[in-house]
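As structure tokens, the structure follows; a few thoughts come after it.
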Amino acid sequence: MAKGSSDNGAFMDKFILKPDSSSSQLPLSGLTFAVKDIFDIDGYVTGFGNPDWARTHSVATSTAPVVLALLKAGATCVGKTVMDEMAYSINGENVHYGTPTNPCAPDRVPGGSSSGSAVAVGAMTVDFSLGTDTGGSVRVPASYCGILGFRPSHGIVSTKGVIPMAQSFDTVGWFARDPVILKQVGRILLELHDASSVAPSNIVIAKDCFKLMDSSGDQLTRVITQSVEKSYGRHCVKFASLGDYVEEQVPNLKHFWSTGNQEYSIASLAALSSAMRLLQRYEFKKNHGEWVTTVKPNLGPGISERVWEAVRTMDEHIDVCHSVKSELIAALTAFLEDFGILALPTVAGPPPKLQQEASSLEIFRAKAFSLLSVAGVSGFCQVSVPLGMYENLPIAVSLLAKKGMDWLLLNVVETMYTSLKEQFELLNID
């Protein structure tokens, strides 16, 4: 098959990897999935979204353990999906292999870097798919394509056989249209055999984060509030200013504080984003700097600038980044206690138009990364939940739980999913 030639341009290569057993009793029996072209599949080159990478790397001689686990559970893998080059974008555009078509909004980007995996699910080509999320590469395309996207707790799902981007943040995530399938896949990847259902102690709505949204923030706050009340009771609803709390509890953020225009951002979360992106650049350089400087790959606009900026990164403030990470983990663990959930926007607005000038997206990207950095830096688990269409474009919210509470989060999504969509429709904001 020509790369990206059909199925909304989602696929790099199509093939069939059948489950180890044909038993209908297996938990994922009858389900199909696709994997981002960052996962090793025995007999295929892992292309990392770039033809120069594919040209200079050998065929994989083994398959990533997470893929094998899904096959063993009865699912069938039907191919590899298009991704942003070197996983270094949240847009989803690829100048070499084409941009997968957003099934909710064809004139908008699908989100990246797990673009093809999200589109394959959103276009109903597969039941679920695998992606990776370092700075938002599952959560963003899930939001843009109107599907569920789960970023697990950092380090809890194996990344063996997956090309690293920045190991302090890299996670293997997954997409689905159905919360039941999202949970079934989670049970396999999280290796949960006897997981029991636990209700959240409270759901904290980060009101300041919803104010980053242009026009829908207040409505979405009401949607979540009413859904929580219906699902768990009024006592479960809490409100907080996340930015103020992070500012108080993460003192090392002062090293990343900006004196620029803060009208469109939350200062502490903008600083958190700066720390995350610095450490990400540093680790990317350690992983791939030598290859980039030797091969000098042909990279698309935006990505080329970010990759070369990473290659030039020095180690100044890297120790402080790790201190910020430790402080944030402690702060948010105390904030959520044992069974708390944090609600916030996945991103601050709808998907941008295709081929939009990078300079016009600076404020949008700054808002997005300030929200995405909360789970990114803490290593907490997060799920993007689609609500529907707002002004004819997909809109989503996110729920976040502390590290290791992935099963709680999957249970909450399953419980609240229908209610969230119903409350959204009742408010007539679509």
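Points worth noting:
- Of the strands (runs of 3 or more DSSP E) lying entirely inside segment 147-254, the ones with 2 or more residues being under 25 Å from S89 (Cβ atoms) are found at 148-151, 171-176.
- Screening V180 with (1) closer than 18 Å to G376 by Cβ; (2) assigned by the TED database to the domain that holds L26 gives one miss only, at (1).
- Selection of first residues in segment 35-54 that are in the same structural domain as W291 (by the TED database) and of second residues that are assigned to a strand (DSSP E or B) and open to solvent by less than 30 Å² (accessible area, probe 1.4 Å), restricted to Cβ pairs under 9 Å at least 6 apart or on distinct chains, gives an empty result.
- Checked against the criteria, S258 does not count as open to solvent by less than 10 Å² (accessible area, probe 1.4 Å) and of a type outside the set (D, E, K, R).
- Top-ranked residue in segment 306-323 [being modelled with pLDDT of 95 or more and farther than 19 Å from S373 by Cβ; ranked as least open to solvent (accessible area, probe 1.4 Å)]: V307
- For segment 91-115, filtering for residues that are open to solvent by 10 Å² or more (accessible area, probe 1.4 Å) and either under 26 Å from G388 (Cβ atoms) or free of Cβ contacts under 8 Å to residues at least 24 places away in the same chain (or both) leaves 9.
- S197 being of a type outside the set (D, E), open to solvent by 20 Å² or more (accessible area, probe 1.4 Å) and free of Cβ contacts under 8 Å to residues at least 40 places away in the same chain: no
- Complete set of residues in segment 379-404 that are open to solvent by 10 Å² or more (accessible area, probe 1.4 Å), outside any strand (DSSP E or B) and touching a helix residue (DSSP H, G or I) at 6+ places or on another chain (Cβ under 8 Å): K402, K403
- Among residues of segment 167-194, those that are open to solvent by 50 Å² or more (accessible area, probe 1.4 Å) and under 16 Å from the mean Cα position of the chain (by Cα), counted: 2
- Residue in segment 329-338 that is open to solvent by 10 Å² or more (accessible area, probe 1.4 Å), within 24 Å of T225 (Cβ to Cβ), part of a helix (DSSP H, G or I) and aromatic (F, W, Y) present: yes
- Count of segment 26-70 residues which are over 20 Å from P297 (Cα atoms) and among the basic types (K, R): 1
- Among the residues of segment 140-186, the one identified as out of contact with any strand residue (DSSP E or B) (no Cβ under 7 Å at 6 or more places or on another chain) and among the aromatic types (F, W, Y) is F169.
- Check on K230, within 21 Å of L372 (Cα to Cα) and either open to solvent by 10 Å² or more (accessible area, probe 1.4 Å) or touching a residue at least 24 places away in the same chain (Cβ under 8 Å) (or both): no
- Test for E283: is it modelled with pLDDT of 95 or more, assigned to a helix (DSSP H, G or I), crowded, with 16+ Cβ neighbours inside 10 Å and not polar (S, T, N, Q): yes
- D214 vs. criteria surrounded by fewer than 22 Cβ atoms within 10 Å (Cβ to Cβ), modelled with pLDDT under 95 and not polar (S, T, N, Q): yes
- Search result, residues across segment 84-110 that are more than 21 Å from G146 (Cβ to Cβ), of a type in the set (S, T, Y) and within 18 Å of the chain's Cα centre (by Cα): Y88
- Screening G376 against (1) small (G, A, S); (2) on the phi > 0 side of the Ramachandran plot; (3) buried (at least 18 other Cβ atoms within 10 Å of the Cβ) leaves a single unmet condition, (2).
- Qualifying residue in segment 119-131 (condition: among the β-branched types (V, I, T) and in a helix (DSSP H, G or I)): yes
The values are calculated or read from the model by the stated rules, or taken from the named source; none is laboratory data. Predicted model, so just to flag it, every value in this text is computed and none were measured. Because the Cβ atoms are built from the backbone with ideal geometry, glycine has one as well, and the counts that use them run over all protein chains shown. For the accessible areas, the whole protein counts, side chains as well, though only heavy atoms, and no ligand, DNA or RNA atoms are used. Shrake-Rupley method; radii C 1.70, N 1.55, O 1.52, S 1.80 Å.
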